[in-house]
Amino acid sequence: ETARIGVTGLAVMGRNLARNLARHGHPVAVHNRTSARTRSLVDEFGHEGTFLPADTPEKFVGSLERPRRLVIMVKAGGPTDAVIDEFAPLLDPGDMIVDGGNANFADTRRRESALRERGVHFVGTGISGGEEGALHGPSIMPGGSAASYEALGPLLEDISAKVDGTPCCTHVGPDGAGHFVKMVHNGIEYADMQLIAESYDLLRHAAGLAPAEIAEVFRTWNTGRLGSYLIEITAEVLAHTDAATGRPFVDVVLDQAEQKGTGRWTVQTALDLGVPVGGIAEAVFARSVSGHAVLREASQNLPGPSRNDAFVSFGFPEAVEKALYASKIVAYAQGFHEIQAGSAEYGWNIDLGAMATIWRGGCIIRARFLDRIRAAYEADPQTPTLLTDPHFTEAVGDAQDAWREVIAIAAKLGIPVPGFSTALAYYDSLRAPRLPAALTQGQRDYFGAHTYRRVDREGTFHTLWGADRTETTP
Ligand code: 6PG
């Protein structure tokens, strides 16, 4: 018997993906560096479908139907290269390697081009949804050649999440496009999580609500336009009580957020592409600040606001909901701008509406709201920003007074809201008919003769600041 597809790397994601394939009736070859893992998978879950265990790479590759489809689910970076080096010599032209890890898209581009020379398709694939998603239906973002998608697409779509019958999987674009989009997905995930954390902090410390009460607020929000997986699990986490102490779980967790790097990559890449993604950047920085224990300890006696009489009205949770929704729209607008810019830079031709479509289910940022984004790109695929889509313009317009008020209250009370603040600053920057960038240009011309352009004439100008200040055209 031959397997339709094989999975090597049977840690929890690989294991669950293999089970998902088997449960959908696809015979799946399974392999792991240490074969105890392969055995335990088959022992425990062999009844779920057809597993073909292999204890050597040769047997594994030998058990695959041709062209071979081989999924690697190992750690990004060195381990991924090691596995590719191990398996690539065993493959033939036309075979496909799917990398389902959280690889850096630049690595994926390099690997794709090296394997393409040998006729092997390398398909860098973003997979989101964590352990549960991998098992029950993730959101899948495959890059690589269009030809490889013909052979892989039906399988991947079959095991992906479905929303209204539509699979949360589509061919994103060539070479590193899939991993690029997964990276931005994670950047947006960071921003979303930060905005939710700020909302919680305000409800707790400005409105004085207890975690269990805040859980109720999030539960209510989850039934409305903010309805999403992240809001849903936020309520669960906030409602949870620590068994050992009887205290709210959120109070016994060390307040230092960790990260594996995809959010940081999103920001680094955005800097290279020249795309402003303040919402994502502040989310990465907020985690970073939280982790600087020494710095925070040294700062404990820095003075806070001398007055804390900011007025928190009865309707404060509703105002926070508006601030959260408006900030969220901005964060997504920034993330989609980055995808648009990456697509243009690398010639990927990514369909932005399709990305919103495959994020509606399966992934960590799945949300009701993504249907709105899909609709916005359907109405105008070329829109420079989601903010000008009529639905979002109206939503932000309606939210903005509350949004501004919430940020003002936070500032007066000394509660940090970097995500809310940067989102509003971005919004106001885009709206502004004139920005003080004109002054920046004047300063640059003054100290470095860096020149400027004028509003009323074409050309490049320099003022002789050190002499008689006449204007020249260098
Ligand atoms: C997903 C998640 C997944 C993972 C991140 C967490 O889409 O399923 O994004 O990729 O949970 O790696 O990232 P941090 O450890 O950096 O928070």
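Within the stretch 249-273, if we keep just the residues that are closer than 24 Å to VAL217 by Cβ and among the aliphatic types (A, V, I, L, M), the residue that is nearest to the ligand (Cβ to nearest atom) turns out to be ALA257.
Would the stretch 240-248 turn up any residue that is within 16 Å of the ligand (Cβ to nearest atom), free of Cβ contacts under 8 Å to residues at least 40 places away in the same chain and farther than 30 Å from GLY153 by Cα? No, every residue in the stretch 240-248 fails to be within 16 Å of the ligand (Cβ to nearest atom), free of Cβ contacts under 8 Å to residues at least 40 places away in the same chain and farther than 30 Å from GLY153 by Cα. When the residues of the stretch 108-135 are narrowed to those that are touching a residue at least 60 places away in the same chain (Cβ under 8 Å) and over 22 Å from ASN20 (Cα atoms), which ends up farthest from the ligand (Cβ to nearest atom)? In this case the residue turns out to be SER113.
Go through the residues of the stretch 200-211 one by one and say whether even a single one is closer than 24 Å to ARG374 by Cα, touching a helix residue (DSSP H, G or I) at 6+ places or on another chain (Cβ under 8 Å) and of a type outside the set (Ser, Thr, Tyr). Looking for residues that are closer than 24 Å to ARG374 by Cα, touching a helix residue (DSSP H, G or I) at 6+ places or on another chain (Cβ under 8 Å) and of a type outside the set (Ser, Thr, Tyr), one finds none in the stretch 200-211, hence no.
Only a single criterion out of (1) within 16 Å of the ligand (Cβ to nearest atom); (2) more than 26 Å from ALA411 (Cα to Cα); (3) in contact with a Ser or Thr (Cβ under 7 Å, 6 or more places away or on another chain) is not satisfied by ILE339, namely (3). When the stretch 136-162 is filtered for residues that are within 16 Å of the ligand (Cβ to nearest atom) and touching a Gly at 6+ places or on another chain (Cβ under 9 Å), the ones remaining, listed by number, are HIS136, GLY137, PRO138, SER139, ILE140, MET141, PRO142, GLY143, ILE159, SER160, ALA161. Of all residues in the stretch 422-437, those being buried (at least 18 other Cβ atoms within 10 Å of the Cβ) and either among the polar types (S, T, N, Q) or modelled with pLDDT under 95 (or both) number 1. Note on the stretch 168-209: among residues that are of a type in the set (Asp, Glu) and within 12 Å of the ligand (Cβ to nearest atom), the one that is nearest to MET141 (Cα to Cα) is GLU189. Scan the stretch 52-98 for residues that are charged (D, E, K, R) and touching a residue at least 40 places away in the same chain (Cβ under 8 Å) and the total you get is 3. Every condition in (1) more than 16 Å from the ligand (Cβ to nearest atom); (2) on the phi > 0 side of the Ramachandran plot holds for TYR452 except the one numbered (2).
The values are calculated or read from the model by the stated rules, or taken from the named source; none is laboratory data. In this text, all values refer to a predicted model and were calculated from it rather than measured experimentally. Backbone-built Cβ (ideal geometry, glycine too); neighbour counts: all protein chains shown.
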